[in-house]
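A.B. asks: What follows is a structure written as structure tokens; I'll ask about it next.
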Amino acid sequence: MMADAEETVAWRALLAEATSRFEAKNVPEPALSARRIVEEAAGFEPVEFAVSLDEPVTKRAVVRFDRMVDRRLEGEPLQYVLGRWSFRMLDLMVDQRVLIPRPETEVVAGKALEEVARFEQPVVVDLGTGSGAIGLSIAAEHHEAQVWLTDRSADALAVARANLSGIGRAATRVNVAEGSWFDALDSSLRGTLSVIVSNPPYVATTDDLPEEVAQWEPTEALLAGASGLSDLEVVLAEAPQWLSPQGVLVLEMAPDQTAAIAALAQQAFAEVEVFDDLTGRPRGVIARLNSV
């Protein structure tokens, strides 16, 4: 919607316009998309939204609003359109270089934090960190954790570094390293890690992805061979030699993979636990070298 020079437009009108256009194009959750785009274009905090809708819109804000609405109408995920998304306590920058942070991964981060809390001066590695969501959450929420973020994608690590700059003093306890899984780590860390956590690719190449995911999100961060287990198996096989004697591995995966991964973990770990996501589906495995 391009406002004329003499026309005064309020955010309420733009909200209604966006909602209507999204509904006409069957955009998922049209009201949510419209609200979040208005908040972003206007610079409103969520608590300001309802009381600010009658404020006039500047020409520059109208242009920004129009661009974001057009991107959403083209099918681009809302998170990428906004350029940021919340994850636990963090407001993360996200774009097409990284996967969109999801609620199930927030559960994984929470489980990892529970394990981290068992250690004094814990050393934690977030393998395949992407946007940095899990590792940065651990650094922000546990004030003594030394955290390593690794990824084989230089593009993903650029996003993680941008998010690192947003966690304040906790950033001094975070290291970033490029490489495939454990190849990214210095050999001096071998046998010293308190917790290894990872949300690796776990989608089989033969699986059908939702169109929005397949078109916009980086497939290299999703696909893991014909079974979807290849990266999970690599991390599981190498983790014991990098963990301290009391160390713990926390992995995210698909619900139908947990039984197979738990069975493999039992061959090298003393204690193995499957945990559920917020929908009650099995979402991950915790493997401890020694019983708690």
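A.B. asks: Here is a check on your reading of the model: is E39 of a type in the set (D, E, K, R) and free of Cβ contacts under 8 Å to residues at least 12 places away in the same chain?
C.D. replies: yes
A.B. asks: Go through segment 108-150 and give me each residue that's charged (D, E, K, R) and over 19 Å from T172 (Cα atoms).
C.D. replies: Once the filter is applied, which keeps residues that are charged (D, E, K, R) and over 19 Å from T172 (Cα atoms), segment 108-150 yields K111, E114, E115, R118.
A.B. asks: When D183 is evaluated against the numbered criteria (1) out of contact with any Phe, Trp or Tyr (no Cβ under 9 Å at 6 or more places or on another chain); (2) farther than 27 Å from Q241 by Cα, which criterion, by number, is the only one it fails?
C.D. replies: Exception for D183: condition (2).
A.B. asks: Identify the residue in segment 29-58 that is out of contact with any helix residue (DSSP H, G or I) (no Cβ under 8 Å at 6 or more places or on another chain) and either among the β-branched types (V, I, T) or surrounded by 13 or more Cβ atoms within 10 Å (Cβ to Cβ) (or both) and, among all such residues, is nearest to L73 (Cα to Cα).
C.D. replies: Among them, the one singled out is T58.
A.B. asks: Same structure again: Under 9 Å by Cβ, and 6 or more places apart or on different chains, what pairs join a residue from segment 4-19 that is outside any helix (DSSP H, G or I) and modelled with pLDDT of 85 or more with one that is exposed (fewer than 13 other Cβ atoms within 10 Å of the Cβ) and not aromatic (F, W, Y)?
C.D. replies: V9/P56; A10/D54; A10/P56
Quick grid of which residues meet (1) without any contact (Cβ under 8 Å) to a residue 60 or more places away in the chain; (2) in the same structural domain as E17 (by TED's automatic domain parsing); (3) within 13 Å of A41 (Cβ to Cβ):
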{"position": "K59", "(1), (2), (3)": "yes, yes, yes"}
{"position": "V98", "(1), (2), (3)": "no, no, no"}
{"position": "V107", "(1), (2), (3)": "no, no, no"}
{"position": "L113", "(1), (2), (3)": "yes, no, no"}
{"position": "Q121", "(1), (2), (3)": "yes, no, no"}
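A.B. asks: If you go through segment 57-68, how many residues are part of a helix (DSSP H, G or I) and either among the aliphatic types (A, V, I, L, M) or closer than 19 Å to P103 by Cα (or both)?
C.D. replies: Within segment 57-68, residues that are part of a helix (DSSP H, G or I) and either among the aliphatic types (A, V, I, L, M) or closer than 19 Å to P103 by Cα (or both) number 4.
A.B. asks: Of the numbered conditions (1) out of contact with any strand residue (DSSP E or B) (no Cβ under 8 Å at 6 or more places or on another chain); (2) assigned to a loop (DSSP other than H, G, I, E, B); (3) in the same structural domain as S20 (by TED's automatic domain parsing); (4) more than 29 Å from E212 (Cα to Cα), D54 satisfies every one except a single condition; which is it?
C.D. replies: Just one mismatch for D54, condition (1).
A.B. asks: Is it true that G135 is closer than 26 Å to G83 by Cβ, of a type outside the set (K, R) and surrounded by fewer than 16 Cβ atoms within 10 Å (Cβ to Cβ)?
C.D. replies: no
A.B. asks: Quick one: is E40 assigned by TED's automatic domain parsing to the domain that holds S137 and assigned to a helix (DSSP H, G or I)?
C.D. replies: no
A.B. asks: Of the residues V124, V98, which is among the aliphatic types (A, V, I, L, M), under 21 Å from V176 (Cα atoms) and within 14 Å of the chain's Cα centre (by Cα)?
C.D. replies: Exactly one residue qualifies, and that residue is V98.
The values are calculated or read from the model by the stated rules, or taken from the named source; none is laboratory data. Remember, predicted model here, so these are calculated numbers, not experimental data. Glycine also receives a Cβ, built like all others from the backbone with ideal geometry; neighbour counts cover every protein chain displayed.
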